[in-house]
1. With a Förster radius of 22 Å, plug the Cβ-Cβ distance of residue B:219 and residue B:184 into 1/(1 + (r/R0)^6) and report the FRET value to the nearest 0.05.
2. Quantify, in whole percent, the carbon and sulfur part of the accessible surface of segment A:121-214 (1.4 Å probe; protein heavy atoms only).
3. Considering only DSSP beta bridges where both residues belong to segment B:4-128, give the percentage that are antiparallel (nearest 5).
4. Kindly provide the chymotrypsin sites (Phe, Trp or Tyr not before Pro) of segment B:1-98 that DSSP labels as loop, not H, G, I, E or B, and whose Cβ sees at most 10 other Cβ atoms within 10 Å.
5. If you bin the C-alpha pair distances of the protein assembly as shown every 20 Å from 0, what whole percents do you get?
6. Which whole number gives the average, over all residues in B:293-302, of C-beta atoms from other chains lying within 10 Å of the residue C-beta?
7. Report the accessible surface area buried between chains B and A, summing both sides, using a 1.4 Å probe on protein heavy atoms only, in Å² rounded to the nearest 100.
8. Determine ³J(HN,Hα), in whole Hz, for all residues of segment A:174-182 in sequence, where each value follows from phi through the Karplus function 6.51 cos²θ - 1.76 cosθ + 1.60 and θ = phi - 60°; x replaces Gly and Pro.
Amino acid sequence: MDDQESKPALQVSRREFVEVAVVSGLAAGVPAAAQTPEIKPRIVNCTFTINKQKQELQIDPRVTLLDLLREHLKLTGTKKGCDHGQCGACTVLVDGRRINSCLTLAIMQNGREITTIEGLAAGSQLHPMQTAFIEHDGFQCGYCTPGQVCSAVALLDEVKAGAPSAVTPRMGEIRPIELSDDEIRERMSGNICRCGAYEGIVAAVREAAGRRRV
Amino acid sequence: MKPFSYFCPATVDEAIQGYGEAQETRFIGGGTNLLDLMKMGVERPAHLIDIGRLPLMKISPHGDGVRIGALISNTDAANHELIRTRYPVLTEAILAGASPQLRNMATMGGNLLQRTRCYYFYDPSYQECNKRTPGSGCAAIDGYNRIHAVLGQSPQCIAVHPSDMCVALTALDAVVQVKGPHGERSINMTEFHRLPGDTPQVETNLQSGELITAIDLPSIPYGKQSHYLKIRDRHSYAFALVSVAVVLDADEDGTMRHVRIALGGVAHKPWRATKAEKALTGEKADKKTLRAAAEEELADAHGYEHNSFKIELAKRAIVRAVTTVVGGQQNG
Ligand SMILES: Cc1cc2nc3c(=O)[nH]c(=O)nc-3n(C[C@H](O)[C@H](O)[C@H](O)COP(=O)(O)OP(=O)(O)OC[C@H]3O[C@@H](n4cnc5c(N)ncnc54)[C@H](O)[C@@H]3O)c2cc1C
Ligand code: FES
Ligand code: FES
């Protein structure tokens, strides 16, 4: 990733930006102390590829990616738990990497490819990670599950790429990752499950990774 | 959330010009801290400059050291071969923080500038906070202060800097490269963050409108003899109560030629433990010497109702972290 080309910047030109910055007339009737320049919410054009479908959207820059998915696109598989990055329920994949969709503005992901839980299955064929969660009872109420599954899908790619975690021994040496249960727990720690289905979650990830209990 | 204008520049100069003189402008990197604070109403920018597409995404050899672009994600920095093989303490520290999802989003520059997790700062329904409203007081001093500072605090503020990454960067003597309306300059990591004093709202020596462009790591031949020890309430996905970054050069017989130690979770800035370093240089790492050095470092520490445990915890953490490295048990 270190040589990543910077993608073209969003088409809000500097001229437009300055224009917005100048829309700061004083609101009539507001006491002097409370007068802050007012910025009008402005709608911006964005393009995303969401679950392989190209979408051209007009959005308020304040909308988070999570709210865009749930409230605007009705992709309600992605869940809102805490809305502050503390639970992982909102985990989605952006250009294949897992992120918390509650802590990014949709506009910041303009042009990118987004995969949600709705986009993992191929038609009626579940993603192997979804199947493994079902087989190992990796959930109870299911609220955290879409985030857990998206997270686990990315986890396998990270392990394949050799990315270390906080419990990887000798991380200063570059070598393949041994995906022990401790590794799975640490790598899944960004997803909280209030039902405590962790045993099943670890088992599901272990199986999807094609490993035995270590 | 208060409406804001949004601008996504393609070049560093556009970003700096876009910032202009505006008081209420913020750069946004990964957004994991700024957006959170905007939702809480602590940050209320009128203009957002999204620096996420700036060409500051390289890690490369730089002289004898390594330069890390400011927009590199925490994940990519931790995973990079140059960092893992030369500065594994930085990999350890980054991976000890937050979660995989957050580290994928978080940038190096944003991590440097993340704000304190003091509950009273984070929640504007508390009126007293000298960081949010200078002169309003500090609700933590007589409040619930379990996560707060024991070193270098002031009667105005006892908040701590929450970053893990910054503790390792402090031990490594990193240099922060910045560019602003008046040109470029370098700030040593130890000078980057400030103690609270009478102006806890001024947290760093960065000037308004200055953009962090890179972090430079100097060559440290013994960089592999290092360890980051983080102590927290749960095993993962929790901020540090106390943490220690150690980088040292020890002989076969355990005599320490060079010692670098930094502490996290104890002060308003990553705390370079210069007293302990001095006490240990040239000495053998036996229990008694280590304990004495830790005592000396924490001699001026001062605790409050709920956080005095940090003083003893920090001493023991220093002893354990150094022992781990000298014994060759580190993760690096
Ligand atoms: C639930 C949770 C748990 C966490 N746990 C940990 C933990 O255990 N350890 C830890 O260390 N951290 C932890 N974090 C914090 C996380 O590491 C930071 O939020 C992150 O590093 C901030 O980076 P960012 O790019 O998202 O910053 P942003 O939110 O984009 O920005 C933060 C600040 O930096 C400024 N800024 C950003 N980039 C630049 C630049 N290049 N130049 C000038 N100014 C800039 C912004 O204006 C803003 O003021 C946690 C966060 C969350 C939400
Ligand atoms: S809803 Fe995003 S992390 Fe909890
Ligand atoms: S299954 Fe209920 S929260 Fe995880």
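1. Details: r = 22 Å, r/R0 = 0.99.
After rounding to 0.05, the efficiency reads 0.50.
2. Numbers: 2440 of 4700 Å².
It is 52 percent, rounded to a whole number.
3. Values: 5 of 12 bridges.
Bridges in segment B:4-128 are about 40 percent antiparallel.
4. On the way: sites: B:4, B:6, B:7, B:19, B:27; in loops: B:4.
Of the chymotrypsin sites (Phe, Trp or Tyr not before Pro), not one in the loops of segment B:1-98 has a Cβ with at most 10 other Cβ atoms within 10 Å.
5. Values per bin, smallest distances first: 21, 55, 23, 1.
6. Details: counts 0, 0, 0, 0, 0, 0, 0, 0, 0, 0.
The mean count of partner-chain Cβ atoms within 10 Å per residue comes to 0.
7. Values: alone 14940 and 13260 Å², together 23080 Å².
The buried area between B and A, both sides summed, comes to about 5100 Å².
8. For segment A:174-182, the Karplus-derived couplings read 7, 7, x, 8, 8, 7, 6, 4, 4 Hz, x marking Gly and Pro.
The values are calculated or read from the model by the stated rules, or taken from the named source; none is laboratory data. Values in this document were obtained by computation on a predicted structure and should not be read as measured data. Backbone-built Cβ (ideal geometry, glycine too); neighbour counts: all protein chains shown. Protein only, heavy atoms only, side chains kept; ligands, DNA and RNA dropped before computing areas. Shrake-Rupley method; radii C 1.70, N 1.55, O 1.52, S 1.80 Å.
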